[in-house]
Amino acid sequence: MGKIEEARVRKSQKKKIRLLFRSILLFIMFSALIFALVSNFNKDKAVIGVSDVAPNFVLHQMNGKEETLELSGLEGKGVMLNFWATYCKPCEEEMPYMESLYPEYSEKGVEIVAVSVDATKLVIDRFIDKYELSFPVLHDNNGQVMDAYNIGPLPTTFFINSEGKVVEKIEGALTLNRLESYLQQIQPDE
Amino acid sequence: MNKVTCDACGHINPEGTVLCASCGKPIDKNQHIDGNENSNLLNMRYDGTARRSQTYNKTIVDKVWNFFSSVKVGVTLIVITLVASAVGTILPQEMYIPPNVQPSVHYKDQYGLIGQIYYQLGFHNLYSSWWYMTLLALIGISIVIASIDRVVPLYRALKNQRARRHESFLQRQRYFSKTEVVTEEDKAKVLASLKKLRYNITEENGHLMAEKGRFSRWGPYVNHVGLIIFLIGALLRFLPFMYIDDFVWVREGETKAIPQTNGEYFIENKDFILETYGDSEEDQRFAEALERQGPVAKNFQTDAIIYKNDGAEVVGSEPDLKVLKEGSIQVNHPIKFDGFALYQSSYQLNEFESMSFKIHEVNDEEELALASFTVDLTNPAYEYELDNGFRVKIDQYFPDYYLDDGEPRSETKYPRNPAFVFFVYPPNQEEPEVSFAGIGRNIDASGQNQYKIGLQGFDVRDVTGLSVRRDYTLPILGLGGIIFMIGVVQGMYWYHRRVWIHPKENGWWIAAHTNKNWFGLKKDIEKAIQNTNITMVKDQQDNNEK
Amino acid sequence: MEDLISLSSNFLYLAFIMYLLATFFFAATIRDKRGDKKSKTLNVISISITIIGFLAQTGYFITRWIASGHAPVSNLFEFTTFFGMMLVFAFIIIYFIYRLNILGLFTLPVALLIIAYGSMFPREISPLVPSLKSHWLYIHVTTVSLGEAILAVSFAAGLIYLIKEIDQTKSSKRTTWLEVIIYTIFSTVGFVIVVSVYNAMDYSATFEFTFNNEVTTVDYHLPPIAGPNDGTLLTEDRMDEIFQAPAWMQGVNAARKFNTLIWSLLAGLVIYVLARMILRKRIAAAIQPLLDRTNSDLIDEISYRAVTIGFPVFTLGGLIFAMIWAQQAWDRFWGWDPKEVWALITWFFYAAFLHLRLSRGWHGEKSAWLAVIGFVIIMFNLIAVNLIIAGLHSYA
């Protein structure tokens, strides 16, 4: 191998290194750009979304026998987690639907849990009496659970499967039919 | 890649070199790169080194690289960003319009067609638009690539430069002079003065180079590094761990979980204070201004206690609070704890806290109270046992009462306009009388009531609005800012000055160059040749133009 | 306290007169062609008067600070006069580097005009709103105005360069633009004159009009050329508006500000036309012979040097200190408030300027035009953003 040959090899190696260096740097910088754009795009989206694990919580229960209810205690069941408030009209409208489907689906292993973000217990109690709600109604007094689930508009409903993962997240009121089809989705296998 | 061998000194330069890195002789075939062929003077930018980007152009990677390496592209990006930024100030951005309006309606209503177009084009959120962010990122990319392409060759050239320079290099410097005869005494004087002026002197066979302030040449690259660090800091803000931005309303006397802390921290609002100017003696000096402007706020302050929750493993469970910090939050004086900071950012005055009512006979014109009771509006009791055997039950509570198609409802959960449906059980009576009572309202539901409920008084409290921040990117941004400042100061307040002394027969040729502040260089040379017979350098740019 | 305030404003008057006097002396040095000892004395006198003026204004600043209890940079009057003071300070620094009298002849009138302009706004001592109560008020404001003042010296130098170098033998785009700049300066003079005259006469006319579905009134202190949209004149014995401001103009005071603008432009036009009639040539062409002995290269370098000195100061004050303070006061270091955006625009502009000059060889005339545009951007941010685009920084 002559000297010229050697020089050529060295030169082509140098070129390769330069190309590699430039490619890597460009790749890093454009990745950063894409990361920024995607993050910016997702900025306003909820922290808890479809296929996320529903964060555990424990809250005071307003009706029924139990004092409190912890989400992890419902493991193995499908859970419809409804965030609502007494002053919210669409929330009020879907309550009777939930109540009407509750007996059937609680048999099938689906629990309906309604978390009220109201400020006072009194208004919740009166509401429960008015609609004769039998599914557990919880009171999120400090707004901690609402914060953990990053709730925007009311009502917001999470359908959580028996593995504790969110299957659907619905913002706004549900019709009876849609409600039922979602409940079927989270119904645990026999 | 072909190397270029300098035909004067034999130095091997990379392709694209304009001036030989060793002796400075112009390399004939590359003079067009810096536009030297049409000028008597040499363009000295980057000392005539080969900026690599101008020499290869093969793969797509190289093409992209070269695109961003160009200063022209960089400046163009800056100008586009500048214009775009200005466009964003024509109408207010979405974050500065009133919070309770729909942007789509607001822009059209307030600004007509222009507003509508502005909104349609997304200019109401211009600075977080994908294309604006892309522009900023492209400037960043351009900074990185252009700097790499210039700093490396410049560093090599300045490291390799020799004192002995080619005559054509010297003659085509902006400052140049020829002196026929220089005495040894004068030579020594000049050298001594240059040293005194803190020039570094290198010698090569009687050829001298006096140089100072070379480090200022790195200023631009240092400040670019600072900018890149700053941009990285800004990028990291997208990571939820690095940057938390939230808001919390806390009522006086209320203890609330601080959002985004997973129930780890709580805040109690002990008192909210709003002061305005004009009360104290001291404020008399502002009397004239206050009369013209109306009342001016003096202080917004929340006296608060920060608690740490030791008990919480599960969100929502009963907290076990330990006092972490106690203090006041004012505008300009946030409270800080464990990486978090709470800022005074909003308030609402006089929200209802409790209301007291009395019961009197409907027919009693003096409205003598037979019994009275106070309702805590955030935690109302269900029933009240009163004097004289009265009993009151709250049937309905509307914290923020309004009439919706004739039906009473609450608009929010906040007690802004509280109203109640009371069941009043007179002494020894099983059947209640139904009364509706609120602010300025008192309705007898049946029209046959014997007793009436009247508002006796109420207590109010203030609500403070606090921003919750945790920003781990601040140190990075600060570092970027500091490095940027060091870089600009280094590059702009110091100057790279070089004086070449070229022995020619019995005399000297003197040539000099600086990257900025020619006036200062001239003064240096004047000082250096003071009291000698050496000819002062001439500014050849003057001849050039006339 | 009252004494201190009147002492303070007397200092400001003194400073103003000194600057005016110094301008005449600098003019004399330019006309003086002897170049002997006497002219040196003239130089010393000119710069001494300038420094006395500066010290007087420093006296104003300190006494007003004591009287108000906070740095007097918190409203449009205080800030604008302070900017004028910094401009004089920047000029003094540059003067001692380059010893160029012609720079005084151009910088001092600009400073005078800025101070006079600022004095047209309410001058009483005003209290600080909570967000301004911070040491960063004076740290940020003083640094940023010093930076902008140094950049303004670059404008003065650029203007000298343009007047000297642009060919006045024939009419061209460049001569026209140069006249536009001069006309703008005249309009500012016009504003000061018109407002002062009507203030002295205590002119006031009140209009009633509907804004955001509410009936509001606005007080005009200049005769209404443009009245509020759908407004009715309440004050008797006053002339009614000639026409109404267009409906799209936003804000309670939009029509009044628009009216002031029209007055300024008209007054500027009157001054300009008079000057043209007296001089019988373009204003720049009339000034040009004064600059015969000025070295263009040196002027170009001063213009550039001012940018290199001013840019870091501006960055420090206008961006870095601004961010630190914004982080403290408003919980975010950057919020895309119009004033912030225009500071960024200024910064981008001078960054582009520096790159164009360093890498693309934009010297001389191109560089001078850029210096002028840069100053336009700065003045826009100082004044127009406050008056037109209301944001967090709107003091006036």
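Table: residues versus (1) modelled with pLDDT under 90; (2) within 22 Å of residue C:262 (Cα to Cα); (3) in contact with a strand residue (DSSP E or B) (Cβ under 7 Å, 6 or more places away or on another chain).
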residue	(1), (2), (3)
C:163	no, no, no
C:174	no, no, no
C:187	no, yes, no
C:199	yes, yes, no
C:208	yes, yes, yes
C:227	yes, yes, yes
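Given the residues B:234, B:210, B:192, B:188, which is the only one that is at the interface with another protein chain (Cβ under 10 Å from one of its Cβ atoms) and either more than 36 Å from the chain's Cα centre (by Cα) or among the aliphatic types (A, V, I, L, M) (or both)?
Unique residue meeting the criteria: B:234.
Going through the range C:343-359 one residue at a time, which ones are more than 7 Å from chain B (Cβ to nearest Cβ) and under 13 Å from residue B:85 (Cβ atoms)?
Within the range C:343-359, C:343, C:346, C:347 qualify.
For the range B:427-512, please list each of the strands (runs of 3 or more DSSP E) lying entirely inside it that holds at least 1 residues being under 29 Å from residue B:345 (Cβ atoms).
B:451-471
Give the residues of the range B:301-320 that are over 30 Å from residue B:275 (Cβ atoms) and of a type outside the set (Val, Ile, Thr), sorted by residue number.
Correct list: B:308, B:309, B:310, B:311, B:312, B:313, B:316, B:317, B:318, B:319, B:320.
Which one is surrounded by the fewest Cβ atoms within 10 Å (Cβ to Cβ) among residues in the range B:238-274 that are among the polar types (S, T, N, Q) and more than 29 Å from the chain's Cα centre (by Cα)?
So the residue we want is B:255.
Based on this model, can you work out whether residue C:370 counts as hydrophobic (A, V, I, L, M, F, W, C), crowded, with 18+ Cβ neighbours inside 10 Å, closer than 21 Å to residue B:77 by Cα and more than 9 Å from chain B (Cβ to nearest Cβ)?
So residue C:370 passes the test.
Would you check if residue A:116 is of a type in the set (S, T, N, Q) and more than 18 Å from the chain's Cα centre (by Cα)?
The answer is no for residue A:116.
If we scan the range B:39-46, do we find a residue that is within 39 Å of the chain's Cα centre (by Cα) and assigned to a loop (DSSP other than H, G, I, E, B)?
Looking through the range B:39-46, at least one residue is within 39 Å of the chain's Cα centre (by Cα) and assigned to a loop (DSSP other than H, G, I, E, B).
If we keep just the residues of the range B:390-406 that are in a loop (DSSP other than H, G, I, E, B) and crowded, with 16+ Cβ neighbours inside 10 Å, which is nearest to the other protein chains (Cβ to nearest Cβ)?
B:399
Mind listing whichever residues of the range C:326-342 are assigned to a helix (DSSP H, G or I), surrounded by 20 or more Cβ atoms within 10 Å (Cβ to Cβ) and at the interface with chain B (Cβ under 8 Å from one of its Cβ atoms)?
Within the range C:326-342, C:327, C:329, C:338, C:341, C:342 qualify.
Does the range C:117-133 contain any residue that is out of contact with any strand residue (DSSP E or B) (no Cβ under 7 Å at 6 or more places or on another chain), within 14 Å of chain B (Cβ to nearest Cβ), among the small types (Gly, Ala, Ser) and farther than 19 Å from residue C:311 by Cα?
Yes, the range C:117-133 has at least one match.
Please indicate, with yes or no, whether at least one residue in the range B:300-313 is farther than 23 Å from residue B:465 by Cβ and surrounded by 14 or more Cβ atoms within 10 Å (Cβ to Cβ).
Checking the range B:300-313: at least one residue is farther than 23 Å from residue B:465 by Cβ and surrounded by 14 or more Cβ atoms within 10 Å (Cβ to Cβ).
Restricting to the range B:360-388, give me the number of residues that are of a type in the set (Val, Ile, Thr) and touching a Lys or Arg at 6+ places or on another chain (Cβ under 7 Å).
Residues flagged as of a type in the set (Val, Ile, Thr) and touching a Lys or Arg at 6+ places or on another chain (Cβ under 7 Å) within the range B:360-388 amount to 1.
Being part of a helix (DSSP H, G or I), touching a residue at least 24 places away in the same chain (Cβ under 8 Å) and either within 14 Å of another protein chain (Cβ to nearest Cβ) or within 30 Å of residue B:269 (Cβ to Cβ) (or both) is true for just one of A:127, A:83. Which residue is that?
Checking each option against the conditions leaves just A:127.
How many of the residues in the range B:117-144 are farther than 29 Å from residue C:359 by Cβ and loosely packed, with under 15 Cβ neighbours inside 10 Å?
The total comes to 5.
With respect to the numbered conditions (1) in a helix (DSSP H, G or I); (2) more than 37 Å from the chain's Cα centre (by Cα); (3) of a type in the set (Gly, Ala, Ser), which one is the sole condition not fulfilled by residue B:104?
(2)
Taking residue B:184 as the residue in question, decide whether it is without any contact (Cβ under 8 Å) to a residue 40 or more places away in the chain and among the charged types (D, E, K, R).
In short, yes.
Going through C:180, C:192 one at a time, which residue ends up being in a helix (DSSP H, G or I), closer than 20 Å to residue C:106 by Cβ, within 20 Å of the chain's Cα centre (by Cα) and touching a residue at least 40 places away in the same chain (Cβ under 8 Å)?
On inspection, the qualifying residue turns out to be C:192.
Check residue A:112 against each of (1) surrounded by fewer than 22 Cβ atoms within 10 Å (Cβ to Cβ); (2) touching a residue at least 12 places away in the same chain (Cβ under 8 Å); (3) more than 9 Å from chain B (Cβ to nearest Cβ) and name the one condition it does not meet.
So residue A:112 meets the others, but not (1).
With the checklist (1) free of Cβ contacts under 8 Å to residues at least 12 places away in the same chain; (2) basic (Lys, Arg); (3) within 13 Å of chain C (Cβ to nearest Cβ) in hand, flag the one item residue B:409 doesn't pass.
(3)
Here is a check on your reading of the model: is residue B:323 among the aliphatic types (A, V, I, L, M), exposed (fewer than 13 other Cβ atoms within 10 Å of the Cβ) and more than 11 Å from chain C (Cβ to nearest Cβ)?
So residue B:323 passes the test.
Check off (1) more than 11 Å from chain B (Cβ to nearest Cβ); (2) part of a helix (DSSP H, G or I); (3) not hydroxyl-bearing (Ser, Thr, Tyr) for residue C:312 and give me the number that stays unchecked.
(1)
Which of the numbered conditions does residue B:468 fail, given that it passes all the others? Conditions: (1) under 25 Å from residue C:307 (Cα atoms); (2) within 14 Å of chain C (Cβ to nearest Cβ); (3) touching a Phe, Trp or Tyr at 6+ places or on another chain (Cβ under 8 Å).
(1)
State whether the residues of the range B:528-545 include one that is over 30 Å from residue B:194 (Cβ atoms) and outside any loop (DSSP other than H, G, I, E, B).
no
Residues C:114, C:92, C:47, C:66: which one is free of Cβ contacts under 8 Å to residues at least 60 places away in the same chain, surrounded by fewer than 18 Cβ atoms within 10 Å (Cβ to Cβ) and touching a helix residue (DSSP H, G or I) at 6+ places or on another chain (Cβ under 9 Å)?
C:92
The values are calculated or read from the model by the stated rules, or taken from the named source; none is laboratory data. Note that the structure is a prediction, hence the values are computed from the model and not measured. As a convention, Cβ positions derive from the backbone with ideal geometry for all residues, glycine included, and neighbour counts pool all protein chains shown.
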